[in-house]
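Notes follow the structure.
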Amino acid sequence: MKDNEITLRMGSGHGELVTYVAFMKNQFAKNVSERAAKETKYTVKFNHHYGGSLVKVFDTLEGVQDGRLDIGGWCVCFDDDKAMALNITYFVPFGEPDGRKNQKVMLRLLKEFPELYQDLDKRYNQRLLSMGGFGNYGLMTGFDWNEFKDLNNRKILAAGPNLPWLEGIAIPVRTTIPTAAQQLSTGVGEGIVLFPDTNYKLKFHEASGKNTVYALTDFGNIIQNVLSINKRTEARLPPEVLKIIEEEAVKWGTDSTAKSVVDHDWGIEQLRKAGVKIKEISPEVRKAWAERLKDWPNERAQDVKAKKGIDMPKIMRAYIKYMEEGGHKHPIDYQIKG
C-alpha cells in the first residue's frame, strides 16, 4: 500500500472462461474497487493472473500461502490433503444438483463447524473468504453406453476427489481442466466427469470424437471453489476495505454458484446443438451406481477424522441431514459411523 493506493494480486490456475474465475475478475474485483472509491478514502487496484500465468490449479493454495497472490481462487479438488475436509461435498455422491441449495448447506456447515477450514488459517497463512459451486457433474464419453459393463475398461477422467466415483465401474484417470482436451484427443481419457457448460466452452466435446454422448447422471453440484486471502495482506488492509472485500466475496460465492445453475442448462443446449447425444440415466442405474459406492462416504469421514483430528462423521451426518431437509433425496441411505 502506497499512500491511499492499494494494489492486490489476484489469480487462479483456471482461466477466465471458467465461471467462478470470470466472477472474480468481472464482479468481485470491479465491485471492490468501485465501493472502495465511493465508501473509503482508498483506491483499490487488482493485478489479475489467471489461466496458469502465475499459479497452476494444483498450487493456488500455496500461491496464496507464500504471497505470490494476495487473493486466490481455487478448487479444493486439487488439494486432497491440505484442503481435505473442505472436499466434503464430493464425499456424498449423487448429491443436490442445484448449487444454490447446496451452497446454503455448505455455508451453514462452515458456520457451525469452522474446523472444516481451520488448516487454512493455522497452517497455510490464509483465511477463507467464501465458497461457491462449479456445476452439476455429469459424464461425457466418446461412446454410447447403457449398462455398467459398457464402461468397463474405459478410461474416464475426473478431478481427484471424485475419482472414486468411478472405482469398479471404469478406469479412473486424474485430470485438470487445462489438460483435459489433450487427454481426450490423445486417448488418455475416453470420457470425463465434468459440467456441460465447461465441456462446451473448452470444446471437450470436439476432443472426444464424433460419437460424443453426455449423460445426465446428477452426481451433484459440488461446492468446491474457494476465495482466500493471504493473512499478511489481510493484516495490512484498512478495516473498511477488508469489510468490503469480505462482503463482496460472499456475493461472489452466491452469484457465481447461481450462474453455474443457469450455465448447466445452457451447456446442455449448446452440446445438443453441436451434435452431442444427451441422455439421462434411469433412477435404477443411479441407485445401482450409488450402491457400489455405499461404503465410500463413511470411509472418507473416517479418513478425514484420522488425518485432520476433527469429527468428520458428525459433520457429514449433518451435511446429509441438511440436504435432505432441503428436499434432496439420495439414491440410497449412506451410513456414517462414529
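No lab work stands behind these numbers, since they all come straight from the coordinates. Since the model is a prediction, treat every value here as computed from it, not as a measurement. Counting neighbours? That spans all protein chains shown, and the Cβs are built from the backbone with ideal geometry, glycine included.
Over the chain, Cα pairs under 8 Å with separation of 6+ residues give a relative contact order of 23 percent. Looking at region 264-338, which trypsin sites (Lys or Arg not before Pro) are in a loop (DSSP not H, G, I, E or B) and have at most 14 other Cβ atoms within 10 Å? Passing sites in region 264-338 are LYS294, LYS329, LYS337.
Restricting the chymotrypsin sites (Phe, Trp or Tyr not before Pro) of region 22-109 to loop positions (DSSP other than H, G, I, E, B) with no more than 16 neighbouring Cβ atoms within 10 Å leaves PHE58. Taking GluC sites (Glu not before Pro) as exposed when DSSP calls them loop and at most 12 other C-beta atoms lie within 10 angstrom, the chain has its longest site-free stretch at 168-338.
For Rg and Dmax of the Cα atoms in Å, the value calculated from this model appears in (1) 19.9, 56; (2) 19.9, 66; (3) 19.6, 61 under label (2).
For the cross-link pairs LYS251/LYS329; LYS45/LYS305; LYS259/LYS307; LYS82/LYS273, the ones whose C-alpha atoms lie over 32 Å apart are LYS45/LYS305; LYS259/LYS307; LYS82/LYS273. In percent, rounded to a whole number, the relative contact order of region 217-338 is 23, using alpha-carbon pairs under 8 Å and six or more apart. Using the Cβ-Cβ distance between GLU167 and ASN211 with R0 = 25 Å, the FRET efficiency computed as 1/(1 + (r/R0)^6) comes to roughly 0.50. To the nearest ten degrees, helix 177-186 and the longest principal axis of the Cα atoms of the chain are 30 degrees apart. Of THR179, THR254, THR43, the residue with the greatest mean-square motion in the GNM of the chain, using alpha carbon springs below 10 Å, is THR179.
For region 9-56, a/c is not less than 1.5, where a ≥ b ≥ c are the root eigenvalues of the C-alpha gyration tensor, and a/b does not top b/c. That puts it in the oblate class. The DSSP beta bridges internal to region 5-325 are antiparallel in roughly 50% of cases.
Spin-label model, ASP66 to ALA288: label points 7 Å out along the Cα-to-beta-carbon direction sit 4.9 nm apart.
Among the trypsin sites (Lys or Arg not before Pro) in region 41-113, those located in a DSSP loop and surrounded by at most 12 other Cβ atoms within 10 Å of their own Cβ are LYS41.
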